[in-house]
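Below is one structure, written out as structure tokens; comments come after it.
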Amino acid sequence: MRLKEIDEIRRWFDDYVASFYSTCGRLPQLELKERHSHRVAENAGLLADELGWDETNRHLAVAAGLLHDLGRFPQYRDYGTFYDFRSLDHGDRGERVLREDFPGNIIDPIELELIAFTTREHNKKDLPVERTDNEMELLKLIKDSDRIDIFRVVREHIKRGETDSIYPGIGPEGRFTPAVLDELRRYGKARYDQLRTLSDVLLFQLCWIKDMAHPQSVELLRDRGDLEWILDRLPEDSTAAEILESLTGSVLPSQTCR
């Protein structure tokens, strides 16, 4: 993929988002996803550079990062929520947008298939099996890039006291939900529909560390202070500390939820 094609993809993305502003108004939730998409594209470029990807594949990563959340816009328009379990799978919806609305003459069909695959799979709980190396390399980079920015989004909203805009109905910090601790202990994963408190959300995020495909992704989170910031906020809880130790090992700084 060439830089010229990236510019065309950005113009298409901007027009796509603008169509929802025309229909729904400039809702903060849609603006949030627009900014998030651009930052995931930026993260993807940074990680591609760190991994030594060539220019063609770097551009592909940037494009996949920008387009990964296309399904969020019709999701919020039609359901008024970003919770997949209350609406639809936004990865599946994003793939449909690409296949139905994205101009087929902008990029090579093989590259479009890679982006469509990544868009569909980026939000899935488990990695798909029996896929090509190219598919998995791009998917893992986009999943890391996405999660890196979610750390930032949650941190910024907590600082502004606006967590209800991204996690409506979530209770305040201060305790962990037993069912969440149990799921994390048994399976290393939990479901969004189990999260009841902001402390659950932050612990859930930290457990993503074990699934980061690249150490460079964890380093980026550490350099930005996101990991220590979350650890400093977690309530003291020996079970949570044991879970983090078992899932992340020595990757995290000194833990405070002891």
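Would you tally the residues in the stretch 115-143 being farther than 19 Å from Asp89 by Cα, crowded, with 17+ Cβ neighbours inside 10 Å and touching a Ser or Thr at 6+ places or on another chain (Cβ under 9 Å)? Total meeting the criteria: 2.
Conditions (1) modelled with pLDDT under 95; (2) farther than 24 Å from Trp53 by Cα, marked per residue:
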residue: Ser87; (1), (2): no, yes
residue: His90; (1), (2): no, yes
residue: Pro103; (1), (2): yes, yes
residue: Leu112; (1), (2): no, no
residue: Glu135; (1), (2): no, no
residue: Glu156; (1), (2): yes, yes
residue: Ile166; (1), (2): yes, yes
residue: Glu173; (1), (2): yes, yes
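Which of the residues belonging to the stretch 1-50 are charged (D, E, K, R), open to solvent by less than 70 Å² (accessible area, probe 1.4 Å) and in contact (Cβ under 8 Å) with a residue 24 or more places away in the chain? Hits for the stretch 1-50 are Glu5, Glu8, Lys33, Arg39. For the stretch 1-43, a residue qualifies if it is touching a Leu at 6+ places or on another chain (Cβ under 6 Å) and either at pLDDT below 95 or farther than 25 Å from Leu112 by Cβ (or both), and exactly one does: Met1. Here Arg191 meets the list (1) charged (D, E, K, R); (2) surrounded by 14 or more Cβ atoms within 10 Å (Cβ to Cβ); (3) within 18 Å of the chain's Cα centre (by Cα) almost entirely, failing just condition (2). Count of the stretch 189-216 residues, restricted to those that are within 30 Å of Asp49 (Cα to Cα) and not charged (D, E, K, R), is 13. It is to be established whether one or more residues within the stretch 64-75 are assigned to a helix (DSSP H, G or I), modelled with pLDDT under 95 and of a type in the set (Lys, Arg). No, every residue in the stretch 64-75 fails to be assigned to a helix (DSSP H, G or I), modelled with pLDDT under 95 and of a type in the set (Lys, Arg).
Scanning the stretch 217-237 for residues that are surrounded by fewer than 17 Cβ atoms within 10 Å (Cβ to Cβ) and either modelled with pLDDT under 90 or under 20 Å from Leu141 (Cβ atoms) (or both) yields Glu219, Arg222, Asp223, Arg224.
The single condition from (1) touching a residue at least 40 places away in the same chain (Cβ under 8 Å); (2) outside any helix (DSSP H, G or I) that Ala61 fails is (2).
The values are calculated or read from the model by the stated rules, or taken from the named source; none is laboratory data. Just so you know, these numbers come straight off a predicted model, no measurement behind them. As a convention, Cβ positions derive from the backbone with ideal geometry for all residues, glycine included, and neighbour counts pool all protein chains shown. In case anyone asks, the SASA skips ligands and DNA or RNA and just uses the protein heavy atoms, side chains included. Shrake-Rupley method; radii C 1.70, N 1.55, O 1.52, S 1.80 Å.
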